[in-house]
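**Student:** Have a look at this one before I ask anything.
What follows draws every value from the coordinates through simple rules; no lab data is involved. What you see is a predicted model; the values in this text were computed from it and never measured. As a convention, Cβ positions derive from the backbone with ideal geometry for all residues, glycine included, and neighbour counts pool all protein chains shown.
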Amino acid sequence: MKQSTLGAYIRALRVQQKMTQAQLADKVGVTDKAVSKWERDISFPDMALFPQLADILGVTVNDLLTECVEEEQPSRLLQIFEMSHDIRTPLHIILGSVRLAEINRKDEELLQHYLESIRISGEYLLQSIDRLMKITWRDRAEIADKRYPSNVQELGEYLSRQPEQPKNSVPEYDFSGRRILVAEDIPMNREIVAEILKHTGAKMEFAEDGKICVDMMKHAPAGYYDMILMDIMMPEMDGMEATKRIRKLVDPEKASVPIIALSANVYEKDRNMALEAGMNAFAEKPIFINQLLETMRAFLNNNR
C-alpha cells in the first residue's frame, strides 16, 4: 500500500505560495505542529478544513482528495467527504418534520406521521455515522443491520406515506399568484417544501425527478411557472442535467425561468457546479426557511 501523497502536495503548494508552515497554520486556524504533521503524513487535515485549505492553496477540494487515494482502494477521506449528502438529507427531514409538528401539534394523526419520519431518519443517520466510523478506522466490513435504510433512495421509500396536508401558521411572505415547480424525489422533502410555501400563497406543482421537471416545462405555456426549486441528486435525471436542458429550451421565457438549487451537497464546488449548470441561486438542506424565502422573493420580485 503506497503512502498518501497529500502531505507532499500540501508542502509543494505551500512553498509555491511562498508561505511558511506558521503562515499556513495561521490562515487555516491550526497550530504549526498540525501543519508539520500533515506534511510528514503523520496525520490528515480535518475534513471540515478541506474547503478552506483548498482556497488558501489555490486548488480545488477534489485536487486535495486526489492526493489521498491509496493504491487499488478509494480514499477514506473521499468516502467521508461524499457522505455529507447522506448525513444532511436525514437532518433536513428531521428538522423539517419538527417544524411541521410544531405547526400542527393539535393534530394527533399528523404528529404521529412526523414522529415516525423523525424516527426513521434518525435511525438512518445513526447508520450513516456507523459507516463513517468504520471508514475512519479502516474497517471495510459491511453493515448488515437492515433495521435502517441503506441509502438516501431507500430512506425516501420509507417516508413515502402521504398524509393529508397540514394546516395553520401565519404567512410572512406573499407569493400570491406565483406558481412554483418543485423538483424533488423524496416525498417527505416535498411535504416539507409544500408546508413552507403554502403559507406564502404560492401555487405549487411537483416533479419527482429531473426528467419529469423538464417535460413539465416543455409542455407548460410560456410564463406558466415563475420559478423552479431544483433538487440536485435525483433518479432518472439529476438537477444539473435538468437545468442545462431547460436553459436550452427554444422558448426564451421558459429557458430563463429562475431556478434555485436545493441540495444537501453544500461545498463550494457544489455551489459552483450549480451556477455553471445555469441555476440562479443555491439553498442548502436542511432548509433555513427565511433564507430560502428571501432568496425566492428576490428572484420573484425581479421576475414580475
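**Student:** Sort the following peptides by mean Cβ neighbour count (other Cβ atoms within 10 Å, averaged over residues), highest first: 223-236, 27-40.
**Tutor:** In descending order of packing, they fall as 223-236, 27-40.
**Student:** Related question: Report, in listed order, any pair from LYS33/LYS285; LYS18/LYS244; LYS106/LYS269; LYS211/LYS269 with a Cα-Cα distance greater than 31 Å.
**Tutor:** LYS33/LYS285; LYS18/LYS244; LYS106/LYS269
**Student:** Counting Lys and Arg as +1 and Asp and Glu as -1, what is the net charge of the other residues whose Cβ lies under 11 Å from the Cβ of ASP231?
**Tutor:** Neighbour charge sum, excluding ASP231 itself: -3.
**Student:** Filter the trypsin sites (Lys or Arg not before Pro) in the range 197-269 to those in DSSP coil with at most 12 other Cβ atoms within 10 Å of their Cβ, and list the result.
**Tutor:** Those satisfying the criteria are LYS248.
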